[in-house]
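Take a look at the structure set out below.
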Amino acid sequence: MGNIGNVIGGPYSDGTHLHYGYRPPGFDVNNGYGGFIDPMPYFGQEMSQSGWAEIVCADGANVRFEPAGRFVTWFLQGVRVRKTGECRPANGLLWERIDGRYWIVRADSDGTVMMKDVK
């Protein structure tokens with residue numbers, strides 16, 4: 001925390017505030033920001049927690065061994081999976097780990113939701 005920067009809109013600091021940054025796995029320290037990226041794209045998506053999710057896409061969802069990795073299998077709409085709580089960004093998408101060491105993307109690049117949390 002600190003009071004450097006532009007908090008409210010004036011040319012000088014107007015109060016104490018927090019700078020938040022994110023370094024994804026495999027970050028590039030030479031990207032101009034020491035490897036940090038803008039976390040805002042991830043705030044619009046639900047953060048992963050352990051629990052159950054259901055495949056909701058009518059076309060089903062790809063299952064992979066690693067985020068954005070090689071295709072393993074396909075889960076049909078209605079299949080329930082147990083989430084581990086681990087998530088990772090890869091290829092501009094947010095991937096969630098499920099039991100069995102598999103990964104499923106929360107939503108594809110077109111915004112189609114693949115799975116939703118269930119209670």
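Here, each number is a calculation from the coordinates, and none is a lab measurement. Everything quoted here is computed from the prediction, not taken from an experiment. Cβ sites come from the backbone with ideal geometry, for glycine too, and all protein chains shown count toward neighbours.
Numbers below:
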quantity: Interatomic Cα distance distribution for the range 48-118, bins of 10 angstrom, percent; calculated: 23, 63, 14
quantity: Amide H within-cut-off set for THR84, under 5 Å, with H built and near neighbours excluded; calculated: ARG97, ILE98, ASP99
quantity: Mean Cβ count within 10 Å, highest first, over the residues of peptides 75-81, 90-96; calculated: 90-96, 75-81
quantity: Förster-model FRET efficiency, 22 Å R0, SER109 and VAL29, C-beta, rounded to 0.05; calculated: 0.25
